[in-house]
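See structure below.
Here, each number is a calculation from the coordinates, and none is a lab measurement. The model shown is predicted, which means the values in this text are computed figures rather than measured ones. Because the Cβ atoms are built from the backbone with ideal geometry, glycine has one as well, and the counts that use them run over all protein chains shown.
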Amino acid sequence: MSARVLLVEDSPMISGALQLLLESGGFDVVLATSSADAVEIGSRQRFDVMLLDITLPDADGLTVLHELSQRGMKPLTTYAMTGHSDQETRDRCIAAGCEDVLLKPVPVQQLLRIVSEAVA
Amino acid sequence: MVTDPSMAAVPLGLDLTTERIAALEAQLVEAQRLIRDLEERDALKTQFLSNISHDLRTPLTAIITHAEILRDGILGHVTSKQSESISTIITGGRQLLDMIAEILMHARDSSEPLTLVESEFSIHEVVEQVTSLNESLVARKGLTLERYLSTELPAVRGDRDKVIHVLTNLLGNAFEFTPSGGRVWVNAGMSTDEADLVLIEVGDTGRGIAPDHHELIFREFAQVDSSASRVHHGTGLGLTIARRFVELHGGRIWVESELGAGSRFFFTLPANRGSE
């Protein structure tokens, strides 16, 4: 069974590229473009992996993880994605329950490997 | 107009003084207004730099990701020439990202001064991490990279990310300005001049820097060759940021160099003596 990925990314340009990549890698991808959107989609279906852009237009992306945990719908593994991975951001993401922080643009092979390993 | 100093003694001088004071006050108000105006414009420019840097990242991230998808044959086979061409897009894109990161960091520092996220770490590990990341570049450029790390080095207390940034920047410059066949080295040990300071040196056998330019290169946006036709490009912020980061730690950064005789950049960081 192919892994189900919830991609939370507000920029269509970036989500387009990542969706193309992950679908070519054989994964099922559902896109959410805001925190509210992600919480709604993530509450209805279970996901193996969540790729979470932490800078979203409506709220801090990490609130998505918190909301989904409270609803008992936390994805198996969550990776935060950000443009600036300083120690403070990393600590905040890990404390919120992310597996790791990926610096954008995430090298495509790294992303494919991470998602494959998360569902292995 | 009163030009004769003796005229100042006449009663009229009192009125003149009042007038002068009024004129000076008006000038002062005008000067204050101009300063405020300039400060506002400066803040606006900083904000603009920060916004534009952020907005540049998004399309660039998409370009790089798409190019990598193509290069890796995820959408179908590519010939070696196509792959080579796509790799250039990726390299160029990543260079742009680094430059944008520098501008963004500088803009942020101007509006909201940077602070340190401190931890205790080993300089050995930092040097190891930064140099191993550059191994392929060193090989590609035909350079030799040497490490001389004192075994007696105590841990350092500071902002690991920022120290990595300084070392990456100094090594990046050394690689850029040293022709093929040259040597680049990193040397770390205790400072012999000042107590409780770790001294880190990044040296190269490259083109060197004239003594006249030793201060200039640390100034924001400054480059030794600032002409549009210059060979080496960059934001002119790399060393400004490096100096800022080192000074935030209470350290010092400087260069010893002469044209044609290579360069030796030095910086100091406080040793964490308490951990021994």
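Across the range B:106-258, what fraction of all alpha-carbon pairs, as a whole percent, falls in each successive 10 Å bin from zero upward?
Percent of pairs per bin, in order: 10, 38, 38, 13, 1.
Averaged over B:52-62, how many beta carbons belonging to a partner chain fall within 10 Å of each residue's beta carbon? Intermediate results must be reported in sequence, preceding the final value.
Values: counts 0, 1, 3, 0, 0, 6, 7, 3, 3, 10, 10.
The mean count of partner-chain Cβ atoms within 10 Å per residue comes to 4.
Give me the percent relative contact order of the range A:4-119, please, defined on Cα pairs under 8 angstrom at least 6 residues apart.
Details: 192 pairs, mean separation 27.5, N = 116.
Answer for the range A:4-119 is 24 percent.
Rounded to two decimal places and with Rh computed the Kirkwood way over Cα pairs, what is Rg over Rh for the range A:4-119?
On the way: Rg = 12.6 Å, Rh = 13.8 Å.
A ratio of 0.92.
Give, rounded to the nearest 20 debye, the magnitude of the charge dipole that the range A:4-119 has about its Cα centre when Lys and Arg contribute +1 at Cβ and Asp and Glu contribute -1 at Cβ. Can you show the working numbers first?
Values: 9 positive and 17 negative charges, 61 e Å.
Dipole about the Cα centre, nearest 20: 300 debye.
Residue by residue through A:102-109, how many Cβ atoms from other chains fall within 10 Å of the Cβ on average?
6
Report the charge-dipole magnitude of the protein assembly as shown in Debye, nearest 20, computed about the Cα centre from +1 at each Lys and Arg Cβ and -1 at each Asp and Glu Cβ. Don't skip to the end; give the middle numbers.
On the way: 34 positive and 57 negative charges, 221 e Å.
Charge dipole of the protein assembly as shown: 1060 debye, to the nearest 20.
Taking every residue in A:85-93, how many Cβ atoms of other protein chains lie within 10 Å of its Cβ, on average? Working shown, then result.
Values: counts 1, 7, 8, 4, 1, 2, 1, 0, 0.
The shielding value for this peptide is 3.
Over the protein assembly as shown, how many percent of alpha carbon pairs lie in each 10 Å bin up to the one with the longest distance?
4, 17, 23, 22, 16, 8, 4, 3, 1, 0, 0
Give me the percent relative contact order of chain B, please, defined on Cα pairs under 8 angstrom at least 6 residues apart. Mind showing how you got there, number by number?
On the way: 363 pairs, mean separation 43.6, N = 276.
16 percent.
Which of B:Ala242, A:Pro75, B:Ser150 sits closest to the plus end of the dipole of the protein assembly as shown, meaning its Cα is farthest towards the positive end, when Lys and Arg get +1 and Asp and Glu get -1 on the C-beta?
A:Pro75
Just want the answer: with Cβ charges of +1 for Lys and Arg and -1 for Asp and Glu, which residue in B:Ala43, B:Leu28, A:Ala118 is farthest toward the dipole's positive end in the protein assembly as shown?
A:Ala118
Per the Debye formula with a single identical scatterer at each Cα and no solvent contribution, what log10 I(q)/I(0) holds for chain B at q = 0.07, 0.13, 0.16 Å⁻¹?
After summing over all Cα pairs, the log10 values are -0.40, -1.00, -1.34.
Put +1 on the Cβ of each Lys and Arg and -1 on the Cβ of each Asp and Glu in the range A:19-75; which of A:Ser24, A:Gln45, A:Val64 then has its Cα farthest toward the positive end of the dipole?
The listed residue farthest towards the positive side: A:Gln45.
By average Cβ neighbour count within 10 Å, what is the ranking of B:126-135, A:29-38, A:74-83 from highest down?
On the way: B:126-135: 16.2, A:29-38: 19.7, A:74-83: 21.6.
Final packing ranking: A:74-83, A:29-38, B:126-135.
Can you give the relative contact order of the range B:119-178 as a percent, counting alpha carbon pairs under 8 Å and 6+ residues apart?
Details: 32 pairs, mean separation 33.6, N = 60.
Worked out over the range B:119-178, it gives 56 percent.
State which helices in chain B qualify, where a helix is a whole DSSP H run, it must extend 24 Å or more along its own axis by its Cα atoms, and its mean Kyte-Doolittle hydropathy must be at least 0.0. List each step's numbers first, then the result.
On the way: long enough: B:12-71 (86 Å, -0.03); B:80-111 (46 Å, -0.09); B:160-177 (26 Å, 0.28).
Long hydrophobic helices here: B:160-177.
Given the DSSP H assignment, sum -39500 (n - 2.57) over each helix run of at least 4 residues in chain B and divide by its residue total; what's the result at 222 nm in deg cm²/dmol, nearest 500? Kindly include the intermediate steps, with their values, before the conclusion.
Numbers: 6 runs with 138 residues, N = 276.
Rounded to the nearest 500, the figure is -17500 deg cm²/dmol.
Dipole magnitude of chain B about its Cα centre, charges +1 at Lys/Arg Cβ and -1 at Asp/Glu Cβ only, in debye to the nearest 20?
On the way: 25 positive and 40 negative charges, 196 e Å.
Result for chain B is approximately 940 debye, rounded to the nearest 20.
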